[in-house]
Amino acid sequence: MIYCVEDDDSIRELMVYALRASGFEALGFCDGQALFQALEEEKPQLITLDIMLPGMDGIEILKKLRGNAATEKIPVIMASAKGAEYDKVLGLDLGADDYLVKPFSMMEMVSRIRAVLRRTEPEQNSATLRLGKLQMDPDARTVFADGARVELTYKEFELLHLFLQHPGRVYSRDQLLAKIWGTDYLGETRTVDVHIGTLRTKLGACGDYIRTVRGVGYRMEELK
């Protein structure tokens, strides 16, 4: 989940749309008060924070985030108008993880967010992942289904890795395209269906763990 704090309605809506189209969950907020209310319900992966906001400005919000043990580790990307060098330096000194200069493109924003998440998210590849009779070692890039070694292509492995990291979570075809093939991939969602089909076949009986959610996409769960 990405939180976007921006008081300009059109810019905020565009940011949220671009993030969702890139496979992220995203919510927009017009000011600090709305942000802190949302933080009581759910902590996001990252916050994009405009400096010029009504009431509490972005610098004050950043100070408050970094001064609270519950929010101090949340990555923050600040945004401000071109030429506001002092705000940029102050924001970074106070613990902002990156900075966007307005006007910025949505592609640049998504790219910056992905880069910050890569730097700040804990490494998840060290532990063996298991679901039912399925086992994956991400470091060794090995997969065993019902005790038998399974050879997967790079994309099949990445799909399975994503599913095993988030069992029970539903992913749309567009989300899977964005996460596995990248936002620059020009293929169709049919590509996802084909790879899911070959992955299911290779996993044998464990392939049934990948369930089709009609009209939405796919999720992985152990059969009961």
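Quick notes on this one:
- Here the Gaussian network model covers the chain, with springs between Cα atoms less than 10 Å apart; of PRO54, PRO75, PRO44, PRO54 fluctuates the most.
- Estimated at the nearest 10 Å², the accessible area of GLU72 is 80 Å² with a 1.4 Å probe.
- About the centre of its Cα atoms, the chain shows a dipole size close to 960 debye [charges on the beta carbon of Lys, Arg (+1) and Asp, Glu (-1) only; nearest 20 debye].
- Helical runs assigned H by DSSP (4 residues or longer) give the chain a calculated mean residue ellipticity at 222 nm of -11000 deg cm²/dmol, each run adding -39500 (n - 2.57) before division by the residue total.
- Cα-based shape type of the chain, given that a ≥ b ≥ c are square roots of the gyration tensor eigenvalues and the cut on a/c is 1.5: prolate
- The listed residues VAL192, VAL170, once ranked by accessible area (1.4 Å probe) with the largest placed first, stand as VAL170, VAL192.
- For the residue pairs LYS43/LYS179; LYS73/LYS179; LYS43/LYS133; LYS43/LYS102, the C-alpha atoms sit more than 29 angstrom apart in LYS43/LYS133.
- Percent of beta bridges antiparallel (DSSP, the chain, rounded to nearest 5): 50 percent
- Region 15-78: trypsin sites (Lys or Arg not before Pro) in DSSP loop, at most 13 other beta carbons within 10 Å: LYS73
- Per residue, the accessible area of the chain comes to 54 Å² when a 1.4 Å probe rolls over the protein heavy atoms.
- Karplus 3J(HN,Hα) series, Hz, for region 105-113 with 6.51 cos²θ - 1.76 cosθ + 1.60 (x for Gly, Pro): 7, 5, 5, 5, 4, 4, 4, 5, 4
- Ranking ARG173, ARG214, ARG119 from most to least accessible surface, computed with a 1.4 Å probe over the protein chains only, gives ARG214, ARG119, ARG173.
- Order of exposure, largest accessible area first, which applies to HIS166, HIS161 with probe 1.4 Å: HIS166, HIS161
- Shape class for region 1-130: rounded, because the ratio a/c of the largest to smallest gyration tensor axis (alpha-carbon atoms, square roots of eigenvalues) is under 1.5.
- Surface composition of the chain: carbon and sulfur atoms hold 49% of the protein heavy-atom accessible area at a 1.4 Å probe.
- Shape of region 1-69, Cα gyration tensor, a/c cut at 1.5: oblate
The values are calculated or read from the model by the stated rules, or taken from the named source; none is laboratory data. This one's a predicted model, so the numbers in the text were calculated from it and none came from an experiment. For neighbour counting, all protein chains shown are included, and Cβ atoms are generated from backbone atoms with ideal geometry for every residue, glycine included. Side chains are part of the model used for accessible areas, which takes the heavy atoms of the whole protein and leaves out ligands, DNA and RNA. Shrake-Rupley method; radii C 1.70, N 1.55, O 1.52, S 1.80 Å.
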